[in-house]
Every structure is written in C-alpha cells, then in structure tokens.
Amino acid sequence: PKYYAHLQITLQATEAYKTGREITQKADQILNFTKTGQILVITTAGSAYYKNNTSEDVLEGILNQANGTISFGKGNLLLLRKTRLDTLDFAFITKKGNDLILAYFKNASLTPTYIGTISQNMTQTQWNNLTQKLGNDTFPIASLANAWALGLPADILREAAFHGHVCLGTISGYAMIETLLKYYPPSTGTGGAESTSYIVIGVPGGSDDDVFVYAMDATPGKRAYIGYNTTDDPNMVGFIRWNSNTQRGTLIIMTYNWTELTEQFKRETNATVEEDTVTELKFNAWAVQKLITNPESLVKILYAFDNLTEEQVNYLAGGVGSTTVQDAHGLDMEYILSQSNLVNATPENKTYTKGNLTYDQLKGIGIEAANIAKELLKQAGIQVEKDSLELLVLTSAGYARLNDQDTSPIWDGIYEMLGSRLSRKTLLPVHSALWSQLWFTFILKDGSYATNIIGKPGGFGKFSFNITEEDKILYAVQLIYDPIRGFIISNDTKGPIYDIGAGWNYTNPTVSRVFKNWNGIVTIANAWSYDPPFDMLMVYLFHNHVCPGVSPSYLIADYIYENYPRGENEKYIYVTTTDYCKDDGLLLLLGVSPGQGTYYNQRLLNTISSSIEGGQIEGILIIWNEKLNIGKAVIITYKGPSFNTGANGLRAYIDWYKGKEPTGVRSQYIVANEAQVKYITKDELNSILSGAAGSPSGNAIQYIRGLPDRQLSDLIPSVPGTPGVPGVPGVPGGSSISGGVSPGFVGSFVGAVSGATSVSAAASGPGSGQGKAYEVTRASPGTKSAGAGWYIYGVIGGIILVGLAIFGFLKGGFKV
Ligand SMILES: [Zn+2]
Ligand SMILES: [Zn+2]
C-alpha cells in the first residue's frame, strides 16, 4: 500500500514538470530553437505557484526538454519575479536575423496567446497588437528580450527580472555602482551591518534602488538599504561607506537624470522617448551602449562628503549597525546640507581591467571546482554520485564577478559534472555583492550523528537545540577561486573535509574559523537539509544566511495572503517600521521592492504594540487599487513564538510554512492588525510614504491611526471626469454614489463588475473568483491551505526522480 501511495504522489508531483516540458515542446515546434540554439525563456515559474505549490519543477521541465539549449549558466532562463498569486506564464524568444520572435503562453496554457515580433524595430501597429495580447507584461518581456539580444550580461538581466523589466534605472544603477567602485571603493574596516560594504539611503520609486539591493547585496533586511520618500527625486541615492576603525563615514550622493538623457538621446538619434513604448526599447539600447563604453556619462555625483559622524549616520539610517537607535530620516537633503562638519571627500581613481573569459573558460572553472571537490571527498573515502539530491553546492558564482565579468557560466560547469542546479535545489547561489570573492562549498548529506552526540546541545548560527537523529552530518569542502592564484582550499591541520551539520562543534570546532562566509554557509546548508519549500529557500539565499530574524517573513506573508489577498487592479505596498532580517523575506514573498516603489523602509525606534503584549508593529501593508486610486492601510503587528528548551526553532518555522504543526512550541506566534484598517486616498498614501513628515505626529503609524474611519463610498471622488481620477461605476444598490463617472471608465469597468451588488464589493474582476477588492472581511483565497498539498510536497522530495524516470519524462543520464 505504501508503494501505491508513492506512485499517486509522484503523479501529482510531475504535473508541474510535465507542464514545463509540454510548453517548451510546443514553443520549439513554433520557433525551432533546439536546432538554432538561439533562445531566451522568461517565465514566472519559480515565484508563481502552480496548483497551490511552488513551481521549480516547471523549470526542470523547461531545462530537460530544451536539450541543453537553455541553462541557468547561459543566462537564457530568466525568472520574472512575481508572487504566488500570479499566473504561470512563459515567453520564448528566438533571434531570426535582425528580428526577435516571441511565442507567449499565458497561465500554463498550451495555446500561445501571441506569436510574432518583439523586436525594438517593430512598427507602432505591431507594438499595439503586442500590447493587446500581453497587457501589462508587454514592456517587461519586450525590454528583457531586447536587452538579451544586445548581449547585456546575464547577471544584469537577472537583476532586471527581479526588478520587473529593463529600464534606464536598471542601466544607470549599474553605472552608479561602477562609478562608486572607481572613486569610493570599499576598503579595510569599511562596511555596514551584516558584512555589507555600504549602507544605501535610497528614495524608492527610482528603479536604480533595486540594482543596489540586488547587485551590492545591500538588502533592507541586513539594514543596508534604508529609504522612503524624503525628496521629490527618486533617482537620487546616498551611499554611506562607514569605517568602523576611524568611526567616520563617507557619504556619496548620486543621481541620474531621465530628462537630460532622453534629450541627449533625441539629439543623437532624432527620436523622442515615451515610457513603456517601443521608443523606450530603443532608448534602452542606447543607454546600454553608454554603460559599456562610458558608464560615468549616465550618472552624476552630486556630493561626496567625508567626516560623517556616527550621530549623523544614526539620523539618516537609524543606526550604523543592526540595532535601531533612532528613527531613520532617509535621504534628508536639508539636514545633510546643513551639517557644518562635513568636508569634501577626496576621490580615489581606481582602474579595473575587464576580464575577457569566454563562456567555455568560465564553465571550465565550474568543472574544475567540481573535480577538485570530488577528488578531495574521494580521498576521504566519500564517493560523490552525479545527480544526487543529497549533494548541495553553495556558491557566490552568478553574483560575484571575476574581473568585472559575469560568472554564471560556472553554474553550467558544476551541472555538467555533478548534475546540481537551482531547480533541483542542489546548486544554490548565495546573494553576494558583485565585487565579492568567488567561492564554492560542496556539501554532502550523510547519516545521523553518533549516539554520544545525539541529545547534546548543538546548532548553527543563532539556532541552538538538542541534536536529534534527524540532524544529519554534512560533509563539506570549500574552495576559493582567486583570478591570479587559482583555487585555494579552505583548510587547517584538520581539513579539507569538515562536518558542518548541527554537531560541528563536537566534530571539528575549528571549521567556523576555516570556512569563509561561515555563518551563511552553515545556516543555509543545515536549513537546506530540512527540505524547506522552494520559495523559503530563495528567501534564505536572498538574505544570504538563515536566522531567527528572517523567520517572521513567511508567517507575515502567509497572514497577508490569507487575510488581505490582492485583487484585480491591486498591488501591495509595504512600509517597514522595524528594520531587520525579515524585510528580505517580505521583499521576495510579497513581490515588492524599493525600485518598483512598492517597498519603503522607515526604520522607527518605538514600535511597541499597544494591542498585543510583547508584540511589535512591524510595518504597514497597503493594498492599493490602481484603477480607483484608493487603498487600504493595515498596520501589521507580530509577536514571535517561544520554544521549549532544546527544541529546534528552524524546523518549527519550516513546519509552519508547510502548514504542519511543529513540536516543541511553548507559545504560539501572533500576526495581527494593530488597529482598524483604514481606507486611504492618494494624498494620504503620499503622506505615509514620506514618513508623515509635517503631520502633527510626524510618524506614519500615528498618522494612519488618526485618519477617520471611512467607507469606500466616502472616498470616491465626486467630480465627474477628473483626469487621472477614475469615477465610480454605477453599481446597482450602491449607496451614496454621486454620479461622478467618467464615461470611458464606466465602459471598461462596469463590464468587469457585473453582478456586484454594492460598492463595497464592487472591484472583483471577472474570473478572479476570489477576494473582492473592498470587503472588510474576506474569504480565504485558498491559495495555500494547510494540509494536503504541502504534506505531499514534503514527501515527494526524495523520490521525485524515480517518478520522472517511470513516466518517461526524463532523458537519460539520471541516476537515482
Ligand atoms: Zn524600472
Ligand atoms: Zn539575518
């Protein structure tokens, strides 16, 4: 009976895989790319859920069907960042002469919604036709496709897929980093909290901010990104390089100017740029050329000040380190320019030589790394088998550059030798700054610890618990790649093989000093060995380590999706008030980011909850309706769980996220809304996003609390046809509708709300089938109910490959 159950489970598990394969096969029939090898795939798989589960198996399907023409290392499989609520979409793009041809599959359908050109050379009519078919996805797909065709490096393309599209902000963000590294490079003793090199003070809404979060690893959860709307110029950014030896910092403020650059483009090419149109694609191409030939020409250094004191960093960023010591004020230019102690900083003038390794040479580094690791393990009597799900490779490749060159081809080398890759959860790139070291850690999951270790206190990072039989020995070997000296094996008299499982302190305590990036490696490796869901694993990688602090993010994200699901025309905006590790999880899980203008970081000192004892006010969730220009503000409070002595907190968090009830919990966690949910107008939204500066409290939370309790109907504008402010649909039975309807709006909107009976439930779109936009109480969306789906997911992990082989979806060479 057990075997039978397994078969059933396997069938369910392969559905995502099958979908990936079948759509790829279909796309190949249309575009014939496995013949030409010219192919780019952009998909929402990886972040969108498929049938209530994470969708990494879809990626496996794409890769296996594509016959080696698609790989992570070639950079031609881009994961467009969405949320679990979004549909599973696929864009296959191939080059045909000077043209780019797209086959687009929406919502996992095998019938493409569009086949045709996506080239920047297309006509306006062709663009309009494309827009009709792809809707909001037109510019994201078109900008990524054309940037790929231009040869934009794969790591920049991945940043753009994280951000949502390629735009001037993407390109200028990289230009700013190059300028920063040339004149104000990181040096010994400089850095922010959690081993970051700079604290970025951004102004959300400018796309450049996502570049800093992504390519500098300046994530908000590591307190390396702070910022809200303190100036009208979202393209401005401040970089603080803090020197912990001298206790002084340098503040470099840069910007890029859309108007000036588009005017320059017009002078040079005679073309006018309109945002989100085919002209912006041409402008992107122009800006990419500038990035390659003269990055500095895209940006301006407005100020560079030395002698920044700790007090001044505290004022701007809320603290130099992990602890919040006061409210952060962000890029407050009035304050900065009034400080009399600041002096002009002296720039360095570093030059960097750009590497020119080919794809094959870079791939060769991966092959060599894998061979060295295999050999070292073999010498210790440990045989590594290809395609093993028990083998994990952690690496900075793909983020860390080698002589300023993208290193993703290295992944393909490792895959070739070991069969490890992201979609199998066996090759995990750890978020790193692009100037960081290139390293590899190979980890093999072995058996349980000896009986004299089981039961003893063990752990990793900030997790301490009693070691059980479930905690496995993890044999690890680490290699650093130096462009001049080649491979260096992390080693002392005990090495080179070290156990980094939960009992490492008993088996080889020196490893914590021998391995580079110790905290990140030991925590991610152990967490991986507990088999967390794919999106949880992605949070660990993005945060670059696992800690108790990142854990509330999954619980808060679940709470938000269950209680405030996003409806048609709605987007999430999250304003953080407590800045710590969990913010990185919220960015990924809610699909928000500063560069999109959907994540703001206000870092307040006093966030004690008045509704839940011992709780903290973590942030403000805004569900914003872009059509109505009205939103709801939810103040989110969280209180962490506590665990029995010896219990494993990380396992508990993973269980909760899988919908299982963990053991060893002394008191439950609480996620709740701190106060009455408030409807807000555009002006009120702007006020919240600028930190409620100028309001009597000067505090966004107090500001929201002070807003009147209103119904949606109170906020609907009554002026007919006000440009930019949509009127109200004439909904039967709606109360207090004052006829303020702009005709065009009604036409498009009324059709979409047929059957709605009151204003408060009017915004549900056709076919959404869930979550009406403005009900105060919502039905659970059922996107991830506790139970069956997740349980099954947990079980299939180990046997999925057997299943794939049985059902013939697997093409050769896969040992189990
Ligand atoms: Zn952008
Ligand atoms: Zn952390």
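The values are calculated or read from the model by the stated rules, or taken from the named source; none is laboratory data. Bear in mind the structure is a predicted one, so any value in this text is a computation, not a measurement. In this analysis, Cβ positions are derived from the backbone assuming ideal geometry, glycine residues included, and neighbour counts consider all displayed protein chains. All accessible areas refer to the heavy atoms of the entire protein, side chains included, with ligands and DNA or RNA removed. Shrake-Rupley method; radii C 1.70, N 1.55, O 1.52, S 1.80 Å.
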Which of G646, N625, I704 sits farthest toward the positive end of the charge dipole of segment 602-716, with +1 on the Cβ of Lys and Arg and -1 on the Cβ of Asp and Glu? G646
Go through segment 302-393 and name the GluC sites (Glu not before Pro) that are in a DSSP coil and have 14 or fewer other Cβ atoms within 10 Å of their Cβ. E348, E385
Please give the charge dipole size of segment 168-344, origin at the Cα centre, charges +1 on K and R Cβ atoms and -1 on D and E Cβ atoms. Round to the nearest 20 debye. 540 debye
Over segment 135-175: Rg over Rh, Cα atoms, Kirkwood Rh: 0.94
Quick check on segment 121-254: what are the equivalent-ellipsoid semi-axes from the Cα gyration tensor, as sqrt(5λ), descending, whole Å? 34, 15, 12
Work out the length of the dipole vector of the chain about its Cα centre, built from +1 on the beta-carbon of each Lys and Arg and -1 on the beta-carbon of each Asp and Glu, and round it to the nearest 20 debye. 1540 debye
Among 494-507, 678-691, how do they line up from the highest to the lowest mean number of other beta-carbon atoms within 10 Å? 494-507, 678-691
Relative contact order of the chain: what whole-number percent is it, with Cα pairs under 8 angstrom and at least 6 residues apart? 10 percent
Once the dipole of the chain is set up from charges on Cβ (+1 Lys and Arg, -1 Asp and Glu), the residue from the list T179, P548, I636 lying farthest towards its positive end is P548
Probe radius 1.4 Å, ligands and nucleic acids ignored: give me the carbon and sulfur share of the accessible area of segment 205-352 as a rounded percent. 44 percent
What is the packing order of peptides 481-492, 289-300, taking the mean over residues of other C-beta atoms within 10 Å and listing the highest first? 289-300, 481-492
Please calculate how many Å² of accessible area segment 359-530 carries per residue, with a 1.4 Å probe and no DNA, RNA or ligand atoms counted. 38 Å²
Please compute the Kirkwood hydrodynamic radius of segment 590-666 from all pairs of different C-alpha atoms, in Å with one decimal. 15.4 Å
Output the peptides 315-324, 205-214 sorted from most to least packed, where packing is the average of other Cβ atoms within 10 Å over each peptide's residues. 205-214, 315-324
For the chain, return all DSSP H helices satisfying: extent of Cα atoms along own axis at least 24 Å; mean Kyte-Doolittle hydropathy at least -1.0. 2-31, 359-379
Quick one: net charge of G595's neighbours, Cβ under 12 Å, K/R +1, D/E -1? -3
For segment 302-329 and segment 554-575, distance of Cα centres in Å: 31 Å
Alpha carbon centre of segment 596-629 versus segment 200-268: separation in Å? 22 Å
Segment 2-151 - accessible surface per residue (Å², probe 1.4 Å): 39 Å²
Ignoring solvent entirely, what values of log10 I(q)/I(0) come out of the Debye formula for segment 359-530 at 0.10, 0.13, 0.20 Å⁻¹ when each Cα is a single scatterer? -0.35, -0.59, -1.37
Along the positive direction of the dipole of the chain (beta-carbon charges: Lys, Arg +1; Asp, Glu -1; about the Cα centre), which of S432, Y580, T293 reaches farthest? S432
Using 28 Å as the Cα-Cα cut-off, could you pick out the over-long pairs in K96/K290; K82/K386; K627/K658? K82/K386; K627/K658
Taking only the alpha-carbon atoms of the chain, the convex hull volume per residue, in cubic angstrom, is 172 Å³
Could you give the spread of the C-alpha atoms of segment 2-151 along their three principal axes, from largest to smallest, in whole angstroms? 59, 32, 25
Radius 14 Å from Cβ of I30, net charge of other residues (Lys, Arg +1; Asp, Glu -1): +1
In square angstrom, what is the accessible area per residue of segment 548-710 with a 1.4 angstrom probe? 32 Å²
Surface share of carbon and sulfur [accessible, 1.4 angstrom probe, percent] for segment 2-151: 47 percent
Please report the carbon-and-sulfur percent of the accessible area for segment 359-530; probe 1.4 Å, protein heavy atoms only, DNA, RNA and ligands left out. 48 percent
Using the crude model of +1 on Lys and Arg Cβ and -1 on Asp and Glu Cβ, and no other charge, please compute the dipole size for segment 337-473 relative to its Cα centre, in debye to 20. 220 debye
